[in-house]
Amino acid sequence: MSFFIILTNRLLKVLGALVKGFSFIFHFLFPNKRFTIPSQRNALFKSVKPSIVPRIIWQTNYTNKVALPVYINYLFNRIMSPTYEYRYFSTEQRLLFIKEHASDRVYKAFTRLTDGASQADLWRLFILNYYGGVYMDIDAHLVWPLSYVIDDNDEEVFILNKKHFTNYFMATKAGNPVLQKTIDIVVKNIEENNVSGGVYDLTGPTALNLAIAGTNVHHRFYRITCNQGTFTNEYFQYIDKPRGKWTYVSNEQLLNSNELNKTDKL
């Protein structure tokens, strides 16, 4: 089975290259054309079988008005997950959700984050731990139907890249101890101003790997689960926000000493 999934992954890379090539032409001809990712969509059809991991896909971005390849990426994931609901959160919705549902300590830590990528890192951990479901980055795509990736009895699915666990795809039931531990690590990093390692260490995969260390979690390899950047790239993802990616933010700018910061750079 893995052979066929990897083969599909390779074929998707070819398709993705075609999509990006066409999209350069499309946006050259129609530079102001954008496509809207909906805030909510019901499952295309309901599964009759119960699932421990809720059938909800969560995503966020600095805007839901996106370039063609980002929208194609969204549509492809919908096709690959027909029994899953879809939920999109804006920058403002992330803040409101954390304010309404998180502890005062988590909320205060969240409002110190100045970069949207870090905000999204903490939000994804919290909303998955609160509701459960599946999180994918806006440029991430499934390489196999989600119903075959997540078994009905799975309580979690993390993915490994070539070096470590990553956080651009996570699936879990609510109340996952690993996610709670990751949240605690992230909040402590913020409180202690641990910005020397950038976003990656402050709120990203480093915190997740520290939480997983010594714990046996259910996981899959990324090549047979979920990939990034096949259909889109930095140019298309940040077409209306050049140099908007988290890699351009200096470490010293990652935290604000004041609360209620609402910077939406993702």
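The values are calculated or read from the model by the stated rules, or taken from the named source; none is laboratory data. For clarity, every value in this text was computed on a predicted model and none was experimentally measured. Glycine also receives a Cβ, built like all others from the backbone with ideal geometry; neighbour counts cover every protein chain displayed. These area figures cover heavy atoms from the full protein model, side chains too; ligands, DNA and RNA do not enter into them. Shrake-Rupley method; radii C 1.70, N 1.55, O 1.52, S 1.80 Å.
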**Fill in**
A 1.4 Å probe over the protein heavy atoms gives the chain a carbon and sulfur accessible-area percentage of 56 percent
**Prompt:** For the chain, what proportion of DSSP beta bridges, expressed in % and rounded to the nearest 5, is antiparallel?
**Reply:** 60 percent
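Can you list which of the DSSP-assigned H helices in the chain have a Cα extent of 15 Å or more along the long axis and an average Kyte-Doolittle score of at least 0.0? Could the numbers behind the result be given before it?
Working: long enough: 2-29 (40 Å, 1.47); 68-80 (18 Å, 0.75); 91-101 (16 Å, -0.72); 116-131 (21 Å, 0.16); 177-191 (21 Å, 0.39).
Counting only whole DSSP H runs, the qualifying helices are 2-29, 68-80, 116-131, 177-191.
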**Fill in**
Pseudo-spin-label distance E234 to S250, built 7 Å along Cα→Cβ, given in nm, is 1.8 nm
**For segment 156-218 versus segment 127-149, the gap between their alpha-carbon centres in whole angstrom** = 16 Å
**Request:** Could you check what % of the DSSP bridge pairs in segment 155-266 are antiparallel, to the nearest 5?
**Result:** 60 percent
**Cα gyration tensor shape of segment 66-115, rounded if a/c is under 1.5, else prolate or oblate by comparing a/b with b/c** = prolate
**Message:** Can you list residues from other chains, or at least 5 along the same chain, whose modelled amide H is less than 5 Å from the amide H of R220?
**Reply:** F158, I159, L160
**Fill in**
Links exceeding 29 Å between C-alpha atoms in this model, out of K49/K163; K49/K162; K65/K163; K20/K49; K46/K99; K188/K245, come to K49/K163; K49/K162; K65/K163; K20/K49; K46/K99
**Message:** Quick check for you: with a 1.4 Å probe and neighbouring chains kept, what is the accessible area per residue of segment 107-251, in Å²?
**Reply:** 38 Å²
